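A.B. asks: There's a structure below that I have some questions on.
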Amino acid sequence: MDFFATLIVSAIAAGMPLLIATLGGILAERAGVINLGIEGMMLLGAVMAYILGVTTGSTALSIVFAMLAGGSLGLLLSFLSVTLRANQIVAGLGITLFSTGLSSYLGKPYGGSQPDISIPDIEFPWLEAIPFVGQIFADLNAMVWASFVLVALLHIFIFYTPWGLHLRAVGDSPSTADAAGIPVYRYQYFMVTLGAMLCGLAGASLILVYTPSWNDGLTSGRGWIAVALIIFARWNPIRAVFCACLFGFFEALGFKLQLYDNTIPPYFLKMMPYITTILVLMFVGWRNRKRPSGKPESLGIPYIREQRI
Amino acid sequence: MDKHLRIPGTQFRIRFFKDTSATNTPWWIAIASVICAFIFSGVFIALNGNDPFLVYGKMLGGAFGSSYGFGETLVKAIPLLLCGLGVSIAYKIAIWNIGAEGQLVMGAIAATAVTIYFPGLGQLSSLSLMVLFGFAAGAFWGLLTAIPRVYFQVNELITSLMLNYVALLLLDYVVFDPWKDPKGYNFPGSPMFTSAQELPVFGDSRLHYGILIALAAVCIYAALVKYSNWGYKLRLLAANPNAARYAGIAVNRQIIIVMLVSGGLAGLAGMAEVSGVAHRLMYGLSPGYGYTAIIVAWLAKLNPWGLIVSSVLCGGVIVGGYSVQLIGLPASMSMIIQGAILFFLIGGEALKAYRFAIVRLPSNLQESG
């Protein structure tokens, strides 16, 4: 494989956790609830996957518990923002702070031990024959394929099913949706929780695919990059694939550059994903100056049934 | 739904009522949410096989039990007060600056730059230059958040958080590479400051004059908000951004000013931390002051005077977190409690219409004796 093919493969691999977390965020935001707890949900998912991996050695249990952990934070977020109509920004921040603490509290006693769990790569030997494109897809992790399937499922769900139509209605105009007989609160609860489970899965994938060890703040801001990716992807799952891979590309590029040129201090290369996020969002803002951003119309506004708009 | 509860043996009763037009949050929600947060976190501590009462006892004893502990709590409260003031100014006009951590680190780096590039200055000139540089660097970092927000409609939450990571990596770079103390046995930190570059301390405690800077900042801000033209604009923007815009207030300019001030205050906190406590720039300088500042600000309901109380409380939670390390628990315990405080606080907002008041019984109903 040539240099670019390997670079793209590592970009896809690095983009996968971002992609899954972004999908989770898209689900919540399509229902009109801002999820700023993604970073926290990923962290808790990662630590649960790690602990279950160390204690049981079962990959399946790791994934299940990571998703349950994310989902319970999702329930908390929906209770705060849907039922109590609290400020969604602060609710998400609180969840992230809480789970940053909780994850390092839970992970501490297991520190150092390496769980014997991982997700295998899926090889397609016959694809190797096709130059470049075939080579890229010949040897990808099963989790990457799972994330692609997830993208397709969510895309079909959001844009081609009646439930997806209801979901979009809830996010754009909950009062209209309510008048049409759609259970607004139930949709919000369900979608936020489902999205949060995906964020937990994204965290677990960091442990299962990348580094089978735990250190505090393992996600290093990936959850926040996912928040930016939602905007960059215009709340669309298919676009999210390309956006996540672009970010994975910058992360991978940093690693590669470090190998080829050790005169640049690694600290500056590590800054790349963060600076890219800001620059990309500035580009999106500039591009969107004359057209709608694609944001759900009622994003962040709690729906109060008794209140006239 | 007026309900009355007579306090037996006195002439007073408690009146419970619902005030649906209430816009401000009653005082008891802050206290109740702190208590609920401790109970909630206690459940997790208990689930993990530790005794929550023992843990909380240790935390309380560590933070407020001795004069040394309380001194440490106050030392931690200084950066929290400065950062908390900074973010609460921004939150007041709904600018979600969560980048106080990065702004603090930039202030610390800039203040240290003074000690490295102007080593021979006297105490007054060197300290004032450090204050100036610390503020300017924090303000610059705040500006980097404000510009994308104002000119490119970029959500300031994400920008400010990303800049935290950038600032922390920059800190790692300078302490591991160019500014590393050659005589420091490979410790990732700058050379120790000279006494002319250190903020003076009270007596032989560790409490430094940074507390005066912080309290002065609170007083100046409180006065400005109440009496100045700028404060009026700020209050108008806080109350109704649309009305403010129609009244001709340049909203974008206000956002930039607020982010400059907000970042600058956090930068001052960084300066105070290196010059008053660590006496050098070092790896892991801040145990997340910038994030705790968010809780400090909300707990105080963005009120500058309330910040003084909430910063001491949160400083106590941080110090308490260190003291539970003695019984083998991670200091991140304090982060659990902080996060829980935050979501109980905002969840509690839902109850803001519910009030209670202690009222005197009408004289015809008063019990004799």
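A.B. asks: I need the peptides B:161-169, B:143-151 ranked by packing, meaning the mean over residues of other C-beta atoms within 10 angstrom, with the highest value on top.
C.D. replies: On the way: B:161-169: 24.9, B:143-151: 20.6.
The densest-packed peptide leads the list: B:161-169, B:143-151.
A.B. asks: Work from the charge dipole of the protein assembly as shown (Cβ charges, +1 for Lys and Arg, -1 for Asp and Glu, about the Cα centre) and give the residue of A:I304, B:F38, B:I78 farthest towards its positive end.
C.D. replies: Farthest along the dipole direction, towards plus: A:I304.
A.B. asks: List every residue whose amide H lies under 5 Å from the amide H of B:Y354, counting only residues 5 or more places away in sequence or on a different chain, with H placed 1.01 Å from N in the peptide plane.
C.D. replies: For B:Y354, the qualifying residues are B:D19.
A.B. asks: So what are the three principal axis dimensions of chain A from its Cα atoms, in whole Å, longest to shortest?
C.D. replies: The principal-axis extents, from largest down, are 61, 48, 40 Å.
A.B. asks: Tabulate in residue order the Karplus-calculated ³J(HN,Hα) for segment A:198-210, using 6.51 cos²θ - 1.76 cosθ + 1.60 with θ = phi - 60°, rounded to whole Hz; enter x for Gly and Pro.
C.D. replies: Karplus values, whole Hz, x for Gly and Pro: 5, 5, x, 4, 4, x, 4, 5, 4, 6, 6, 9, 8.
A.B. asks: Can you return the lysines within cross-link range of B:K76? Criterion is Cα-Cα under 19 Å, with same-chain partners fewer than 8 residues away left out.
C.D. replies: B:K58
A.B. asks: Among A:G285, A:G195, A:G164, determine the one that fluctuates most according to a GNM of chain A built with springs between C-alpha atoms less than 10 Å apart.
C.D. replies: Its mean-square fluctuation being the largest, the pick is A:G285.
A.B. asks: Report the one residue of A:G112, A:I95, A:T161 whose Cα lies farthest in the direction of the positive end of the charge dipole of segment A:83-185 (charges on C-beta: Lys and Arg +1, Asp and Glu -1; origin at the Cα centre).
C.D. replies: A:I95
A.B. asks: Further, regarding this structure: Calculate the dipole size of the protein assembly as shown relative to its Cα centre from +1 charges on Lys and Arg beta carbons and -1 charges on Asp and Glu beta carbons; express the result in debye to the nearest 20. List each step's numbers first, then the result.
C.D. replies: Details: 39 positive and 29 negative charges, 507 e Å.
The dipole magnitude comes to about 2440 debye.
A.B. asks: Compute a Gaussian network model of chain B, connecting alpha carbons closer than 10 Å, and tell me which residue from B:V359, B:V261, B:V43 fluctuates the most.
C.D. replies: B:V359
A.B. asks: Would you tally the net charge around A:A142, using a Cβ to Cβ cut-off of less than 13 Å, leaving A:A142 out, and scoring K and R as +1, D and E as -1?
C.D. replies: Surrounding charge for A:A142 is -3.
A.B. asks: For segment B:110-180, what value does the Rg/Rh ratio take when both radii are computed over Cα atoms and Rh is the Kirkwood radius, given to two decimals? Kindly include the intermediate steps, with their values, before the conclusion.
C.D. replies: Numbers: Rg = 15.0 Å, Rh = 13.7 Å.
Using Cα coordinates only, the ratio equals 1.09.
A.B. asks: Can you give the average number of partner chain beta-carbon atoms within 10 Å of each beta-carbon in peptide A:83-95, as a whole number? Before the final figure, lay out the partial values.
C.D. replies: Working: counts 2, 7, 4, 7, 7, 1, 7, 11, 4, 2, 12, 14, 4.
Per residue, the number of nearby Cβ atoms from other chains is 6 on average.
A.B. asks: Ignoring solvent entirely, what values of log10 I(q)/I(0) come out of the Debye formula for segment A:67-160 at 0.22 Å⁻¹ when each Cα is a single scatterer?
C.D. replies: -1.09
A.B. asks: Over 35 Å apart: what share of the alpha carbon pairs of chain B falls there, rounded to a whole percent? Don't skip to the answer; put the middle values down first.
C.D. replies: Working: 21443 of 67896 pairs.
Looking at chain B, the distances longer than 35 Å represent 32 percent of pairs.
A.B. asks: In nanometres, what is the gap between the two model label sites at A:T83 and A:F157, each 7 Å from Cα along Cα-to-Cβ?
C.D. replies: 2.3
A.B. asks: Follow-up. Taking the Cα centre of chain B as origin, work out the dipole magnitude from +1 charges on Lys and Arg Cβ and -1 charges on Asp and Glu Cβ, in debye rounded to 20. Before the final figure, lay out the partial values.
C.D. replies: On the way: 22 positive and 14 negative charges, 251 e Å.
Using only the charged Cβ atoms, the result is roughly 1200 debye.
A.B. asks: Go through B:K3/B:K352; A:K290/B:K233; B:K3/B:K92; A:K295/B:K352 and tell me which ones have a Cα-Cα distance over 25 Å in this structure.
C.D. replies: Working: B:K3/B:K352 17 Å; A:K290/B:K233 29 Å; B:K3/B:K92 35 Å; A:K295/B:K352 31 Å.
With Cα atoms farther than 25 Å apart: A:K290/B:K233; B:K3/B:K92; A:K295/B:K352.
A.B. asks: Mind jotting down a quarter of the surface of the convex hull over the alpha carbons of the protein assembly as shown, in square nanometres, one decimal? Could you put the intermediate results ahead of the total?
C.D. replies: Details: hull surface 143.4 nm².
Hull-based average projected area comes out at 35.9 nm².
A.B. asks: Let me ask something additional. With θ taken as phi - 60° and the coefficients 6.51, -1.76 and 1.60, list the Karplus ³J(HN,Hα) couplings across segment B:194-211 in order, rounded to whole Hz; mark glycine and proline as x.
C.D. replies: 7, 5, 6, 9, 9, 5, x, 10, 7, x, 10, 7, 9, 6, 9, 5, x, 5
A.B. asks: Largest first and in whole Å, give the semi-axes of segment B:255-325's equivalent ellipsoid, each being the square root of 5 times a Cα gyration tensor eigenvalue. Can you show the working numbers first?
C.D. replies: Values: eigenvalues 91, 71, 18 Å².
Semi-axes, largest first: 21, 19, 10 Å.
A.B. asks: Which FRET efficiency value, to the nearest 0.05, is calculated for B:Y185 and A:T176 with the Förster distance at 60 angstrom and r the Cβ-Cβ distance?
C.D. replies: On the way: r = 68 Å, r/R0 = 1.13.
Plugging the Cβ-Cβ distance into 1/(1 + (r/R0)^6) gives 0.35.
A.B. asks: Note the full-extension length gain between B:A250 and B:K301 as 0.36 nm times their separation in residues minus their Cα-Cα distance, in nm to one decimal. Display every interim value, and only then the final one.
C.D. replies: Working: separation 51, 0.36 × 51 = 18.36 nm, distance 2.57 nm.
Gain on extension, B:A250 to B:K301, equals 15.8 nm.
A.B. asks: Further question: Rounded, prolate or oblate: which one fits segment B:215-369, using the alpha carbon gyration tensor with axes a ≥ b ≥ c (rounded when a/c is under 1.5, else prolate when a/b beats b/c, else oblate)?
C.D. replies: Details: a/c = 2.18, a/b = 1.13, b/c = 1.93.
Because a/c hits 1.5 or more and a/b fails to exceed b/c, segment B:215-369 counts as oblate.
A.B. asks: Can you tell me the alpha carbon radius of gyration of segment A:13-72 divided by the globular rule-of-thumb value 2.2 N^0.38 Å? The partial results should precede the final answer.
C.D. replies: Numbers: Rg = 12.4 Å, N = 60, 2.2 N^0.38 = 10.4 Å.
Normalised Cα radius of gyration, segment A:13-72: 1.19.
A.B. asks: Can I ask one more? Can you tell me how much longer the chain between A:Q114 and A:K295 gets when fully stretched, taken as 0.36 nm per residue apart minus their C-alpha distance, in nm with one decimal? Before the final figure, lay out the partial values.
C.D. replies: Values: separation 181, 0.36 × 181 = 65.16 nm, distance 4.18 nm.
61.0 nm is the gain from fully extending A:Q114 to A:K295.
A.B. asks: Going highest first, how would you order A:22-30, B:337-345 by mean Cβ packing within 10 Å? Each step should come with its number before you reach the end.
C.D. replies: Numbers: A:22-30: 29.3, B:337-345: 26.9.
Going by the mean number of other Cβ atoms within 10 Å, highest first, we get A:22-30, B:337-345.
A.B. asks: Taking amide H atoms as placed 1.01 Å from N in the peptide plane, list the residues 5 or more away in sequence, or in a different chain, whose amide H sits under 5 Å from that of B:L199.
C.D. replies: It is B:G276, by chain and number.
A.B. asks: Something else about it: Which one, A:K270, A:K108, A:K290, has the greatest fluctuation when you compute a Gaussian network model over chain A with C-alpha springs under 10 angstrom?
C.D. replies: Fluctuation is largest for A:K290.
A.B. asks: Additional query: Got a sec to turn the phi values of segment A:274-289 into Karplus ³J(HN,Hα) couplings, 6.51 cos²θ - 1.76 cosθ + 1.60 with θ = phi - 60°, whole Hz, x for Gly and Pro?
C.D. replies: 6, 5, 4, 4, 5, 4, 5, 5, 5, 4, 4, x, 5, 5, 8, 5
A.B. asks: Across the residues of A:269-282, average count of Cβ atoms on other protein chains within 10 Å?
C.D. replies: On the way: counts 1, 6, 9, 2, 2, 11, 4, 1, 6, 12, 4, 1, 8, 8.
Mean partner shielding for this stretch: 5.
A.B. asks: Under 5 Å between amide H atoms, partner at least 5 residues away or on a different chain: which partners does A:I122 have, H built in plane at 1.01 Å?
C.D. replies: HN-HN under 5 Å from A:I122: A:L140, A:N141, A:A142.
A.B. asks: Just going by the charge dipole of the protein assembly as shown, with Lys and Arg at +1 and Asp and Glu at -1 on Cβ, which of A:M143, A:F268, B:I294 is farthest out on the positive end?
C.D. replies: Of the candidates, B:I294 comes out farthest on the positive side.
A.B. asks: Let me ask another. Taking 7 Å along the Cα-to-C-beta vector as the label spot, tell me the B:R355-B:M192 distance in nanometres, rounded to one decimal.
C.D. replies: Spacing of the two 7 Å Cα→Cβ label points: 5.8 nm.
A.B. asks: Another question, if that's okay. Report the gain in length on full extension from B:F12 to B:W28: 0.36 nm times residue separation, minus Cα-Cα distance, nm rounded to one decimal.
C.D. replies: Contour length minus Cα-Cα distance gives 3.8 nm.
A.B. asks: Using only atoms on other chains, find how many Cβ atoms lie within 10 Å of each Cβ of peptide B:147-158 and report the average. Let's see the in-between values first.
C.D. replies: Values: counts 1, 5, 2, 0, 4, 11, 8, 12, 7, 0, 8, 13.
Counting Cβ atoms of other protein chains within 10 Å of each residue's Cβ and averaging gives 6.
A.B. asks: Another question, if that's okay. Enumerate by residue number the chymotrypsin sites (Phe, Trp or Tyr not before Pro) in segment A:108-208 meeting two conditions: DSSP loop (anything except H, G, I, E, B), and at most 13 other Cβ atoms within 10 Å of the site's Cβ.
C.D. replies: On the way: sites: A:Y110, A:W126, A:F132, A:F137, A:W145, A:F148, A:F157, A:F159, A:Y160, A:W163, A:Y185, A:Y187, A:Y189, A:F190; in loops: A:F132.
Counting only loop positions with at most 13 other Cβ atoms within 10 Å, the chymotrypsin sites (Phe, Trp or Tyr not before Pro) in segment A:108-208 are A:F132.
A.B. asks: Mean residue ellipticity at 222 nm from the helices of chain B, using -39,500 (n - 2.57) per DSSP H segment of n ≥ 4 over the full residue count, to the nearest 500 deg cm²/dmol? Before the final figure, lay out each step's value.
C.D. replies: Numbers: 13 runs with 233 residues, N = 369.
It comes out at -21500 deg cm²/dmol, rounded to the nearest 500.
Taken together, the values in this text are just the output of simple stated rules run on the coordinates, not laboratory data. For clarity, every value in this text was computed on a predicted model and none was experimentally measured. FYI the Cβ positions are ideal-geometry reconstructions off the backbone, even for glycines, and counts take in every protein chain you see.
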